[in-house]
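One structure, pasted below without further comment.
The values are calculated or read from the model by the stated rules, or taken from the named source; none is laboratory data. Please read all numbers here as calculations on a predicted model, not as lab measurements. Neighbour counts are summed over all protein chains in view; Cβ atoms, including those assigned to glycine, are modelled from backbone coordinates with ideal geometry. Side chains are part of the model used for accessible areas, which takes the heavy atoms of the whole protein and leaves out ligands, DNA and RNA. Shrake-Rupley method; radii C 1.70, N 1.55, O 1.52, S 1.80 Å.
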Amino acid sequence: MTQQAVYLDNNATTAVAPECVAPLLECLCEFWGNPSSKHAVGEAAKSRVIEARASVAKLLNATPAEIVFTASGTESSHLAIHGALAARPGRSHIVTSAVEHPATLALLAQLETQGVQVTRLPVDADGGLDPAALDNAITPDTALVSLMWANNETGVLFPVAEAARMVRSKGALFHTDAVQAAGKLDIDLAEVPADLLSVSGHKLHAPKGVGALFVRKGLKLAPMLFGHQERNRRGGTENVPGIVGMGVACELAAQALDAKAATMAALRDRLEAGVLARISFASINGAGSPRVANTSSVRFGELEAEVILDRLDKAGICVSSGAACTAGGRAPSHVLQAMGLTEAQARATIRFSLSRYTTAAEIDQVLDTLSAVIRRMTAAAA
Ligand code: PLP
């Protein structure tokens, strides 16, 4: 990415917040000890990890003891799912949705080959989930319900508070993949009775290679990686610089979160209104559902999104034709297909994902460039 690029692909990854850099470098150069060491150098590193854990907990309204540091959002969700199965011995059913991130779906597909039964709840045309369908899907054999908070492709929010209450009243565990929600909307785990919640550093302006799993007090979680670290819940010497970067990023995200989300939502709405006004055949996927502030999934009729993406890229604008992980492989989005789009319609969709650093001038630049690109493409097709 050049310095000049307009970056609207923040659901793929975010720029590291400048405020994270000095504390992170300090860990590389000065506080490089092993937090498990019982001497001053180790203690210095440990105290930074303790501070960071408190900051992550604060963003979620959890307690520091409930935070387990991992290497990614993917690892957090895997730890949650494996841990939940072990915590509910004798139960072998998991409920999820058809639109989860591959971090969840790929693991569940693998577990299916080992005898775990998986129910994937459908979504409606706006990407929404019917709580009654969830209610019906839970059986006495259900160990875990895993539902994402905000969808990475469309931004559609699932009713996680309601789902968590329902699931717990039936004796199963509830995990939410909050990777695209954390730092963009208020997460209050005193209000939302989730047992497990996954977050990822690099989606909220921390470096890559660090994530966290919230594990509600009282839930004994079996580890995937064995070792004494993270109170026996995740072995492996801590990535102290990454953890410190994540702590600072969470502190920053928590500051005036609602105001920043409102600004992002206003810019997202400006983008969508501009697109709909200039491109008559464009439509917004998931527009009828509540959505996280920063994400817009726009379908351009049946125009090939890869071509639009390529032309925007050449003009210095970075967007995505789907999830970053699937954008490379040309498989049409499972999320959009679950919402009833045809393959051609799914392939005509661009995801714009903003950050708190996005400006109105950038949105206007994108609108101008995009409408010129689309005009040229429709003229060539006519
Ligand atoms: N869950 C969601 C909703 C995501 O968007 C992503 C990343 O795109 C992940 C999980 C995986 O996170 P990570 O890249 O930290 O493994």
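Tell me, in nm to one decimal, what length is gained between LEU219 and ALA262 on full extension, where the rule is 0.36 nm per residue of separation less the Cα-Cα distance?
Length gained between LEU219 and ALA262: 12.0 nm.
What FRET efficiency comes out for ARG270 versus ARG376 if R0 is 30 angstrom and r is the Cβ-Cβ distance? Round to the nearest 0.05.
With R0 = 30 Å, the Cβ-Cβ based efficiency is 0.80.
With the contact rule set at Cα under 8 Å and sequence spacing of 6 or more, what percent relative contact order holds for region 18-254?
Contact order relative to length: 29 percent.
Under the rule of at least 5 residues apart or a separate chain, name every residue whose amide H is placed under 5 Å from the amide H of THR119.
Under 5 Å from the amide H of THR119 lie the amide H atoms of ILE94, VAL95, THR96, each far enough along the sequence or on another chain.
Measure off, as a whole percent, the carbon and sulfur share of the 1.4 Å-probe accessible area of the chain, all protein chains present.
C and S fraction of accessible area: 56 percent.
Right, here's the next one. When the Cα atoms of region 176-311 are enclosed in a convex hull and the volume is divided per residue, what value in Å³ results?
For region 176-311, the hull spanned by Cα atoms encloses 162 Å³ per residue.
Would you look at the GNM of the chain, springs on alpha carbons closer than 10 Å, and say which of PRO89, PRO64, PRO159 moves the most?
Maximum among the listed residues: PRO89.
Here's something else I'd like to know. Reported to two decimal places, what Rg/Rh ratio describes the chain when computed on Cα atoms with Rh from the Kirkwood expression?
0.98
Just how many pairs of Lys in the chain have C-alpha atoms closer than 22 Å, counting pairs that are eight or more places apart or on different chains?
Count of close lysine pairs: 16.
Compare ALA132, ALA265, ALA150 in a GNM of the chain, Cα atoms joined below 10 Å, and give the one with the largest fluctuation.
Among ALA132, ALA265, ALA150, the largest mean-square fluctuation in the Gaussian network model of the chain belongs to ALA132.
So which trypsin sites (Lys or Arg not before Pro) in region 144-252 are both in a DSSP loop and have at most 15 other Cβ atoms within 10 Å of their Cβ?
LYS170, LYS217, LYS220
Another question about this same structure. Calculate the spin-label point distance for ARG231 paired with ALA331, positioning each point 7 Å from the Cα along the beta-carbon direction, and give it in nanometres.
About 3.7 nm, to one decimal.
Another question, then. Can you compute the helix-only [θ] at 222 nm over the chain? Use -39500 (n - 2.57) per DSSP H run of at least 4 residues, normalise by all residues, nearest 500 deg cm²/dmol.
Computed ellipticity for the chain at 222 nm equals -13000 deg cm²/dmol.
Treat every Asp and Glu Cβ in the chain as -1 and every Lys and Arg Cβ as +1, leave all other atoms uncharged, and give the resulting dipole magnitude about the Cα centre to the nearest 20 debye.
Charge dipole of the chain: 500 debye, to the nearest 20.
Given an 8 Å cut-off on Cα distances and at least 6 residues of separation, report the relative contact order of region 1-103 as a percent.
In percent, rounded to a whole number, it is 11.
Find, among the trypsin sites (Lys or Arg not before Pro) in region 1-109, those assigned to loop by DSSP (not H, G, I, E, B) with at most 15 other beta-carbon atoms within 10 angstrom.
LYS38
Would you kindly state the longest site-free stretch of the chain, with sites defined as GluC sites (Glu not before Pro) in a DSSP loop (not H, G, I, E, B) surrounded by at most 16 other Cβ atoms within 10 Å?
31-190
Just the number: Rg to Rh for region 211-274, Cα atoms, Kirkwood Rh, two decimals.
Using Cα coordinates only, the ratio equals 1.20.
On a full-extension model of 0.36 nm per residue, what is the gain between LYS208 and THR359, subtracting their alpha-carbon distance, rounded to one decimal in nm?
Length gained, LYS208 through THR359: 52.0 nm.
Follow-up. Taking loop as defined by DSSP and a crowding limit of 13 other beta carbons within 10 Å, which trypsin sites (Lys or Arg not before Pro) in region 261-351 fit?
ARG330
Follow-up. Taking the highest mean first, how do the peptides 138-145, 369-376 order by number of other beta carbon atoms within 10 angstrom per residue?
So the order, starting with the most tightly packed, is 138-145, 369-376.
Can you find, among PHE158, ALA262, SER200, the residue sitting farthest towards the positive end of the charge dipole of the chain, where Lys and Arg contribute +1 and Asp and Glu -1 at Cβ?
With unit charges placed on the Cβ atoms, the residue in question is SER200.
Could I ask something else about it? 7 Å from Cα along Cα→Cβ at both GLU302 and LYS170: what's the point-to-point distance in nm?
About 4.0 nm, to one decimal.
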